[in-house]
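Undergrad: Take this structure first; my questions come after.
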Amino acid sequence: MNNVEQMLLPSITVKNGVLKGCNTVFSERFGYQAQMLSGYQLKDLLTFDSVNAQSYSTIEWLMQHINEPQHGLLKNRHYYELPVEVVCQRSTVDESCYDVFFRVLEDKSIDSVTGLPNGWAMSCRANHLLTLPPKKAPQLAVIIFRVDNFSTLNFRQGYNVGDEYLETLGKKLVALFGDDYLVVRFSNAKFGILVEDHQHVSKVDFETLVTNKCQAICDMTKHPMQLSDNVNVHKSFSVGVSELTAKYSSYFAMEIATETAMHQAAKFSNSKFIFATSELTNKLLMRKLIIDDFPQAIAKQQITQHYQPQYCLASKKLMGLEALSRWHHKELSHISPAFFASIAEDIGLNFEFDLYVLRQVCQQVKTWLDDGFNVPRVSVNVSFKSLEMPEFVKRVTQIIDTSACPANLIEIEVTETTSINNINNLINHVRQVKALGIHIAIDDFGVGYSSLSLIRRLHNVIDKLKLDKSLIDNLCHAQIDQEFIRHIIELGNVLGLDVLAEGIEHHDQQSLLQQLGCKFGQGYFFEKPQPPAQIVSYLENYQQQVVLKQ
Ligand code: C2E
Ligand code: MG
Ligand code: MG
């Protein structure tokens with residue numbers, strides 16, 4: 001190694017295995033000031049790849065390999081390890097010392113756009129701090145924020161402007177937080193700050209400190225950011241902060257909780273910061289458990305069906321049953337089917353799930369028939385997304401055939417969702433399912449996305465509209481809801497559709513619905529959903545007196 005190389009490379013000086021100092025290149029590159037290093041042993045910073053090196057102390061190994069490059073891992077100030085090539089030489093100034101030179105082989109901790117450390121660097125440092133013994137561990141907070149609608153900046157002004165914005169923002173953050181805290185860029189326009197308190201201030205003071213930092217981040221958006229060429233960019237930020245009183249077991253848990261809070265903050269149009277709460281975190285963990293266990297629950301048939309009776313309001317006679325899924329999870333107990341059915345959609349398992357429920361219901365209907373009961377039509381909830389699937393009609397046909405369940409005893413209840421990808425597929429499939437003899441109902445009608453245009457296109461294949469419970473809830477108190485329901489019932493009459501009111505809880509609701517012309521109803525006023533064994537008692541009395549639309 002020549003003198004010039006020695007000047008340009010980061011180096012430290014070691015005496016008897018203890019660090020004596022470092023050059024400025026080392027300080028700049030790895031974040032340690034010379035005075036910070038005193039008292040450190042070389043082994044605190046450096047380990048070697050070679051298996052043989054394990055039997056020696058770090059300094060002994062180097063002394064045996066004077067001037068011979070060795071490969072190792074160097075911990076930088078933030079505790080992420082960088083692969084380095086190391087060369088040790090006897091000091092030319094003091095014979096009792098050694099100079100150790102470093103060449104970084106790969107640095108995956110740096111974000112190339114802003115020059116800031118990245119998310120990996122953040123996770124290394126945070127995980128290190130979280131595993132320190134309680135006396136040494138600082139109070140920690142993670143702040144993660146994103147620039148709202150950043151992609152529109154790239155799209156409208158070009159990637160150069162986008163990159164310049166990120167770089168400028170990175171500099172402003174470093175200026176705001178100084179050297180004390182790790183400031184990182186994760187990806188796109190997402191940044192993070194690790195706030196550390198090594199002084200062990202009171203919890204209140206720490207909360208004030210973190211709150212002030214978050215406010216300062218939001219305040220950055222009060223004025224447009226000035227870039228070169230007189231470009232001004234005005235953006236808002238969504239800021240999430242970890243829960244300060246939580247005991248996070250790992251940085252991963254901390255990051256997930258913080259990101260969830262950030263997504264909450266993103267629901268507001270102005271810059272806002274939100275602290276993570278255990279409620280938010282638990283929901284997320286619950287979601288993860290459900291995602292992990294859902295495929296098994298289907299395979300092992302742990303999801304079963306309860307059935308809720310549906311009645312003719314005039315005669316009070318049973319006219320149908322709705323199958324509602326029940327899952328008793330070993331850790332979470334009873335999970336709402338609304339929650340796990342929507343997760344099934346998110347992870348693309350809705351198709352298999354809906355077919356699984358249909359199969360269970362068809363088998364149950366066949367069993368009841370074989371046991372000699374008269375069985376009313378049973379409705380099954382099916383997601384719109386499943387209906388769109390190319391294989392849907394084929395799979396439904398197979399289930400009906402193999403179970404030998406009469407198709408006209410099955411009704412499919414669909415709830416319209418935001419994302420219909422292929423409306424023509426959907427309409428064709430509904431028609432083909434109808435042609436099998438299966439009935440079609442539109443669930444939760446009157447709220448959400450239930451679209452009149454779809455009803456218009458499908459009216460000659462739909463059999464029933466189910467009025468959503470939220471409309472029934474206020475029925476007795478809100479004139480507007482009565483008018484709303486009256487008009488839906490009229491629409492049903494014009495199109496020749498049955499109308500069933502869901503969620504009837506009181507006698508008054510039931511009689512008012514009847515006055516408004518609603519023929520059918522379902523709700524706790526009549527019966528809650530019940531397991532098949534209990535449904536048998538209703539079937540014993542059931543005769544097909546109610547004339548259903550054929
Ligand atoms: P939904 O299809 O609209 O079902 C009606 C929900 O209202 C059921 O909740 C039912 O138990 C509840 N309910 C009925 N009457 C009353 C009442 O008088 N008062 C109150 N407070 N609630 C009443 P559940 O069983 O928790 O199901 C919730 C949602 O989960 C269902 O809404 C449906 O969208 C979905 N779901 C349930 N089972 C399945 C399934 O097997 N497949 C799919 N894709 N979705 C399902
Ligand atoms: Mg339903
Ligand atoms: Mg409903």
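The values are calculated or read from the model by the stated rules, or taken from the named source; none is laboratory data. Just so you know, these numbers come straight off a predicted model, no measurement behind them. Here the Cβ is made from the backbone with ideal geometry for all residues, glycine too, and neighbour counts use every protein chain on show. With ligands, DNA and RNA removed, areas are computed over all heavy atoms of the protein, side chains included. Shrake-Rupley method; radii C 1.70, N 1.55, O 1.52, S 1.80 Å.
Undergrad: Ignoring everything except DSSP H segments at least 4 long, calculate the 222 nm mean residue ellipticity for the chain; use -39,500 (n - 2.57) per segment, divide by total residues, nearest 500.
TA: Helix-only estimate at 222 nm: -12500 deg cm²/dmol.
Undergrad: If you roll a 1.4 angstrom probe over the protein chains with everything in place, what fraction of the accessible area of the chain belongs to carbon and sulfur, to the nearest %?
TA: Summing carbon and sulfur atoms, their accessible area is 50 percent of the total for the chain.
Undergrad: Dipole size in debye (nearest 20) for segment 3-104 around its Cα centre, Lys and Arg Cβ +1, Asp and Glu Cβ -1?
TA: Once rounded to the nearest 20, the dipole reads 260 debye.
Undergrad: Write out the cysteines belonging to the chain for which the nearest other cysteine Cβ is not under 4.7 Å, or none if no such cysteine exists.
TA: Here C22, C88, C97, C124, C214, C218, C312, C476, C518 come out as lacking a disulfide-compatible partner, given the Cβ-Cβ threshold of under 4.7 Å.
Undergrad: If you don't mind, another one. Can you give the FRET efficiency to the nearest 0.05 for K135 and R457, using r as the Cβ-Cβ distance and R₀ = 56 Å?
TA: Efficiency for this residue pair is about 0.20.
Undergrad: Full-extension gain between M63 and V231, please, as 0.36 nm times their residue separation minus the C-alpha to C-alpha distance.
TA: 54.8 nm
Undergrad: For segment 1-22 and segment 211-281, what is the separation of their Cα centres, given in Å?
TA: Cα centroid to Cα centroid, the span is 41 Å.
Undergrad: Given a 1.4 Å probe, how much area per residue of segment 286-543 is accessible, in Å²?
TA: So segment 286-543 comes to 44 Å² accessible per residue, rounded to a whole number.
Undergrad: Sticking with this one: For the chain, taking Cα atoms only, what is the radius of gyration to one decimal and the Dmax to the nearest whole Å?
TA: 33.2, 107
Undergrad: Can you pull the one-decimal nm distance between simple spin-label points at H263 and Y181, each 7 Å off the Cα toward Cβ?
TA: Inter-label distance under the simple model: 2.4 nm.
Undergrad: As an exercise, identify the GluC sites (Glu not before Pro) in segment 65-121 lying in DSSP coil whose Cβ has no more than 10 other Cβ atoms within 10 Å.
TA: Here the GluC sites (Glu not before Pro) that fit, given the DSSP loop and packing criteria, are E95, E106.
Undergrad: While we're on this one: Got a sec? Charge dipole of the chain, +1 on Cβ for Lys and Arg, -1 for Asp and Glu; which of I455, V4, L426 is way out at the positive end?
TA: Farthest along the dipole direction, towards plus: I455.
Undergrad: Counting pairs of alpha carbon atoms under 8 Å apart in space and at least six apart in sequence, what relative contact order in percent does segment 184-288 give?
TA: Computed value for segment 184-288: 21 percent relative contact order.
Undergrad: With an 8 Å Cα cut-off and a minimum separation of 6 or more residues, compute the relative contact order for the chain in percent.
TA: Over the chain, the number comes to 8 percent.
Undergrad: Further, regarding this structure: So how tilted is helix 251-265 from the main axis of the chain? Cα-based, degrees 0 to 90, rounded to 10.
TA: Its long axis makes an angle of about 60 degrees.
Undergrad: Please identify the GluC sites (Glu not before Pro) of segment 303-406 that satisfy two criteria: DSSP loop assignment and at most 10 other Cβ atoms within 10 Å. Which are they?
TA: E331
Undergrad: Need one word for segment 3-104: rounded, prolate or oblate. Basis is the Cα gyration tensor (sqrt eigenvalues a ≥ b ≥ c); a/c below 1.5 gives rounded, then a/b vs b/c decides.
TA: rounded
Undergrad: I've got another one for you. Taking the Cα centre of the chain as the origin, how large is its charge dipole in debye, to the nearest 20, when only Lys and Arg (+1) and Asp and Glu (-1) carry charge on their Cβ atoms?
TA: In debye, rounded to 20, the chain gives about 560.
Undergrad: Just name one of G115, Q301, L46: the one whose Cα is farthest towards the positive end of the charge dipole of the chain (beta-carbon charges, Lys/Arg +1, Asp/Glu -1).
TA: Q301
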